[in-house]
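What follows is a short report on a single structure.
The values are calculated or read from the model by the stated rules, or taken from the named source; none is laboratory data. The structure presented is a predicted model; accordingly, all values stated were derived computationally and were not measured. Neighbour counts run over all protein chains shown; Cβ positions are idealised from the backbone, glycine included.
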Amino acid sequence: MQRSLIAGLIAGLLASFYATSALADTPAISRLDFQLTDPANRGDADGTINALFGEINQVPAYTDLWSRVRAGFTIPDVDNALTEKWENYYAARPEYLNRIIARGSRYLYFVANEVERRGLPMELALLPMIESAYNPKAESPARAAGMWQFIPDTGKRYGLERTWWYDGRRDVVAATDAALDYLTTLNGMFNDWQLALASYNWGENAVARAVNKNQAAGLPIDFANLRMPDETRNYVPKLLAVRNIIANPQAYGIQLSSLPNSPYFATIQTGRHMDVKVAAELAEIPVDELLRLNPGFIRPVIAYKDERKLVLPADKVDTFQRNLAVFDKPLLNWQPYVTKPGESFDKMASTFGISAVELRDINDIAQRERSARGQTILVPMVAGLDLSERQTLVALAANKQADPLDTGAQDAPRAVNRAREHQVAKGDTVFNIAKRYGVSVATLREANGLRGNAIHAGQVLKVAAVEAPRGKAAAAAQAKAEHDFVVVKRGDTLASIAKRYKLTVADLKRINKLGNKAAVAPGVKLALN
């Protein structure tokens, strides 16, 4: 009796450990509980416990999420100057990098957990930093959407549903599952993670054609030797540059924001339709926070389906379920309404006690549309909206809009058709666009019929894809021409930097007014010309 009691206590302690560890998903505890409580198995209890303690001793004790992420890096570096170029780019913008991390802090544990569970390279957990700056609301003019930037066709192929109520490409949980499925498939095609990543950006058929062309010519078929658009040429080095900085931030003079190695959110099924506002009330969280975790829901109503999950802060799941069990008010305050052809939207809005602007926003009705054409729209069940409902509509309208982290940042995803077109953002000039895509200003003007340098936000420009130079000497020359500075890393010296960029130490000192200084600290930015 005493033996089984002790074994039961140990089992409980082990269950508690596993519930809070990186192995929380393993079924070992349920099997152990059976072994310890079933009299037929009681004799094996000591051996089972000892074996399990041996397994526990091998589990890494990660102090934070970054330690866990670093432990899973496996993709080889791309040996060219582009990786260093992007290391310098991000290292020179630590505030921007930490803003991406702050935005992704809600989602990164979940993504890292899924990557680790599948046995994939942990670099993939950083890919949304490159695709969308970890923004689930990000949209491109090429109709790519969500944190993983799925275009409609690829999203549909990987099970991401799009309806009037819901867009699975923006759903953090569903899109992560689809993206990792897609990346696994791509790696299976090429057996090379660099080519898999290039395919995610450029398309698997395009990469396959480039591989076949090199094979036919007797050339190497690795990433560094394929001909590809300039955006794809930079895409993998961007990811690896971010990876290298996160692997050793001190070497770049960067202090990363700390992230706990614990889940920010959990998922549940509501079992019924309900208003967004009601769901937030039940969870006792602001509507804004509910929508940050559930950007796939794009109407005031959460339309229930078995495969759709509601995402809530991990510590609010019990609150939601407890409040739902005793909730005695209507779960829905909105209803579908079939319009009559020719019916005025303004008059309709007045009838249902809602402003015309709100009616249009909720139902994605263009301002130019003055009358209905017989479509179904969403209207309030009761005339008049209270203040909290109007705040919900404002939050929903904001949730449906792209929200770029930094419209001036050159790595923000604004390409339309992957390196063939570029949508002008605020702060763009013909000079920085030409530099980004590796073309001359004259070529950019000629391709777009520009007589001068005047461009405006929202304008779509044609850009030409230019192949990166081959060979170390050419790569170094390109790197020197492409950026005006370098960020000092741990281990760098003035002599090694000068040699890398075909300068003398005297040149570096003169350009940067270093005088007789013989060393510089990591994180310092040195001008190159």
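Restricting attention to region 290-343, the residues that are surrounded by fewer than 15 Cβ atoms within 10 Å (Cβ to Cβ), of a type in the set (S, T, N, Q) and over 16 Å from Val276 (Cβ atoms) total 1. Those helices (runs of 4 or more DSSP H) of region 81-151 in which at least 3 residues are in contact with a helix residue (DSSP H, G or I) (Cβ under 9 Å, 6 or more places away or on another chain) and under 21 Å from Leu293 (Cα atoms), considering only elements entirely within it, cover 94-104, 108-118, 127-132. Sub-7 Å Cβ pairs linking a first residue in region 363-382 that is closer than 12 Å to Ser344 by Cα to a second residue that is of a type in the set (Val, Ile, Thr) and modelled with pLDDT of 85 or more, at least 6 apart or interchain, are Ala372/Thr339; Gly374/Thr339, ordered by first then second residue. Of everything listed in (1) touching a residue at least 24 places away in the same chain (Cβ under 8 Å); (2) crowded, with 19+ Cβ neighbours inside 10 Å; (3) part of a loop (DSSP other than H, G, I, E, B), the single unmet condition for Arg68 is (3). Return yes when Arg436 is in contact with a strand residue (DSSP E or B) (Cβ under 9 Å, 6 or more places away or on another chain), at pLDDT below 65 and under 30 Å from Gly203 (Cα atoms) and no when it is not. For Arg436, the condition - in contact with a strand residue (DSSP E or B) (Cβ under 9 Å, 6 or more places away or on another chain), at pLDDT below 65 and under 30 Å from Gly203 (Cα atoms) - is met. Residues that are part of a helix (DSSP H, G or I) and closer than 20 Å to Ser132 by Cβ within region 194-212 comprise Ala196, Leu197, Ala198, Ser199, Tyr200, Asn201, Trp202, listed in sequence order. Can you name the residue in region 468-512 that is within 20 Å of Arg93 (Cβ to Cβ) and part of a helix (DSSP H, G or I) and is also modelled with the lowest pLDDT among such residues? Top of the filtered list is Glu482. Considering the conditions (1) among the hydrophobic types (A, V, I, L, M, F, W, C); (2) modelled with pLDDT of 95 or more; (3) in contact with an Asp or Glu (Cβ under 8 Å, 6 or more places away or on another chain), Ala216 is excluded by exactly one of them, (3). One residue alone among Ile285, Ile254 is surrounded by 18 or more Cβ atoms within 10 Å (Cβ to Cβ), modelled with pLDDT of 95 or more and in contact with a Pro (Cβ under 8 Å, 6 or more places away or on another chain), and that residue is Ile285. Considering Ala196, Ala144, the condition of being touching an Asp or Glu at 6+ places or on another chain (Cβ under 9 Å) and farther than 16 Å from Ile75 by Cα is satisfied by Ala144 alone. The residues in region 175-225 that are buried (at least 20 other Cβ atoms within 10 Å of the Cβ), touching a residue at least 40 places away in the same chain (Cβ under 8 Å) and more than 22 Å from Val111 (Cβ to Cβ) can be counted, and the count is 2. For region 228-264, the set of residues classified as in contact with a Gly (Cβ under 8 Å, 6 or more places away or on another chain) and among the small types (Gly, Ala, Ser) consists of Ala251, Gly253, listed by residue number.
Given the condition within 29 Å of Ala283 (Cα to Cα) and of a type in the set (A, V, I, L, M, F, W, C), answer yes or no: does some residue in region 316-323 qualify? Yes: region 316-323 contains one or more residues that are within 29 Å of Ala283 (Cα to Cα) and of a type in the set (A, V, I, L, M, F, W, C).
Considering region 247-291, and only residues there that are under 30 Å from Gly491 (Cα atoms) and hydroxyl-bearing (Ser, Thr, Tyr), the residue that is farthest from the chain's Cα centre (by Cα) turns out to be Tyr252. For region 513-527, residues that are surrounded by 13 or more Cβ atoms within 10 Å (Cβ to Cβ) and either among the acidic types (Asp, Glu) or at pLDDT below 75 (or both) total 1. Of the residues examined, Phe150 is one that is aromatic (Phe, Trp, Tyr) and buried (at least 22 other Cβ atoms within 10 Å of the Cβ). Take Gln321 and tell me if it is touching a residue at least 40 places away in the same chain (Cβ under 8 Å) and either among the hydrophobic types (A, V, I, L, M, F, W, C) or in a helix (DSSP H, G or I) (or both). The answer is yes for Gln321. The set of residues in region 287-316 being hydrophobic (A, V, I, L, M, F, W, C) and within 14 Å of Gly271 (Cα to Cα) consists of Val301, Ile302, Ala303, Leu310, Val311. Quick check on Thr232: is it among the hydroxyl-bearing types (Ser, Thr, Tyr) and surrounded by fewer than 23 Cβ atoms within 10 Å (Cβ to Cβ)? Criteria not met by Thr232.
Just the residues that are assigned to a loop (DSSP other than H, G, I, E, B), on the phi < 0 side of the Ramachandran plot and either among the basic types (Lys, Arg) or surrounded by 12 or more Cβ atoms within 10 Å (Cβ to Cβ) (or both), please, taken from region 344-368. Listed by number, the residues that qualify are Phe352, Ile354, Ser355, Ile365, Arg368.
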